[in-house]
1. Give me the percent of the accessible area of region 17-57 that comes from carbon and sulfur atoms, probe 1.4 Å, all protein chains in place.
2. Rounded to whole Å and ordered largest first, report the semi-axes of the equivalent ellipsoid of region 63-125 derived from its Cα gyration tensor (root of 5λ).
3. Any idea what % of Cα-Cα pairs in region 230-367 are farther than 22 Å?
4. What accessible area per residue, rounded to a whole number of Å², is obtained for the chain using a probe radius of 1.4 Å?
5. Give the span of the chain's Cα atoms along each principal axis, as three whole-Å numbers ordered largest to smallest.
6. Let me confirm the definition first: pairs of Lys residues in the chain, 8 or more apart or on different chains, C-alpha distance under 22 Å. How many are there?
7. Computing the accessible area with a 1.4 Å probe over protein heavy atoms, can you report the carbon and sulfur percentage for region 190-261?
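The values are calculated or read from the model by the stated rules, or taken from the named source; none is laboratory data. It should be emphasised that the depicted structure is a prediction, and the values quoted were computed from it without experimental measurement. Keep in mind that these areas ignore ligands, DNA and RNA; they rest on the heavy atoms of the full protein, side chains included. Shrake-Rupley method; radii C 1.70, N 1.55, O 1.52, S 1.80 Å.
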Amino acid sequence: MSVIRALEGADLPAVAGMFQRVLRKERTEAPASLIEYMRRFYLEAPGCGGDLRSLVHVNDAGRVSGFVGVHALPMQFNGRQLHAAICSSLMVEDHERDPMAGARLLKAYLDGPQDISFSETANDISARLWTRLRGVVLPQYSLDWVRVMRPSSFVLSLSASRLKLARMLNPFAHAIDRFYCRRMKSSERRWSGVAADGAGHGALRTSEIDSGTFAKLVEPLTAQFVLRPEWAEGQLDHILADAAQKPDMGELVFVSVTSPVGTNVGAFAYHARKDEIGRVLQILALPGQAGSVIDCLIDHAAVRGVSGLRGRIQPALLEAMLGRRIAFLTVASTVVHSRDPELLDAMKNSQAFLNGLAGEQWSRLIGGRFT
């Protein structure tokens with residue numbers, strides 16, 4: 001008879017192998033580095049342990065055939081301390097043998113002691129499972145956004161992952177982009193690119209900072225959200241250090257945004273690699289400053305030579321993005337579950353700080369390389 005139980009260290013080779021086959025669509029054996037990373041991520045990282053545990057499904061033959069990763073996130077709601085559990089890497093093999101294994105795994109996770117359960121990477125199948133178990137899809141948190149900056153390089157960066165010869169065309173793309181972007185008027189906004197002198201961010205100033213300084217800015221720049229993370233000591237530092245270990249995405253750059261008198265009004269963190277699409281981990285902005293902070297991000301990325309930017313939406317940024325030639329697409333859904341209607345209402349009404357740092361996109365399991 002199949003069972004669902006807490007993840008143990010001995011399960012990790014099987015879980016890592018399933019991750020390779022099911023989520024990464026690779027036929028190679030799971031490398032030792034992936035197994036070790038999963039050990040640290042699911043069993044040893046800050047916030048692991050206690051009652052919130054990752055779960056495995058063991059089939060009637062005694063083999064691990066399903067897994068749901070759980071990452072603990074302390075949160076607060078109007079001063080009330082809460083426990084959230086982030087769902088990552090929900091996967092099942094041998095559907096024909098046990099077609100209900102995925103639903104049973106997810107139900108066991110949702111029945112845990114946490115006040116809030118959520119995921120920002122639910123595919124269509126997972127989202128349907130969540131809604132059948134009284135979970136809710138949050139459309140306003142479920143969009144990815146894209147800003148084209150250097151059109152020719154942007155197209156090549158999309159092709160390079162499939163056609164390695166496309167990189168040989170980079171010099172031609174650079175020449176076309178220089179000609180095109182220099183012909184744009186100062187601060188002109190087009191869907192196809194950004195002017196050579198940038199998006200124009202007025203009198204605000206940007207400064208590159210280290211991860212520790214960025215971490216100290218997160219709390220004051222998210223104080224406007226009634227439901228927000230309250231990371232345990234060392235947890236946010238661990239998250240930022242982990243997020244930086246994605247060499248294929250480029251350097252993780254941390255930037256503060258200040259007013260002319262030196263007041264912190266925003267910050268952002270993104271992976272920058274010349275000629276590639278920069279991946280934005282987080283944008284933070286005080287109310288009323290989102291548009292200018294986004295312009296600062298675009299200008300900073302342009303200097304770094306990225307061909308475009310891509311990130312996950314925060315509803316508080318949506319209005320400012322609509323006027324800045326930013327396109328939106330749906331890749332995965334943010335889904336939530338709570339037995340507390342007040343918490344659900346806060347999330348439905350965009351009063352929660354979710355996604356990015358308060359999610360799972362920072363993990364090396366998304367965009368990391370293991371050899």
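1. 47
2. Taking √(5λ) for each Cα gyration eigenvalue gives 27, 11, 9 Å.
3. 43
4. The answer is 46 Å² per residue.
5. For the chain, the Cα extents along the three principal axes come out at 69, 52, 34 Å.
6. 6
7. Roughly 52 percent of what the probe reaches on region 190-261 is carbon or sulfur.
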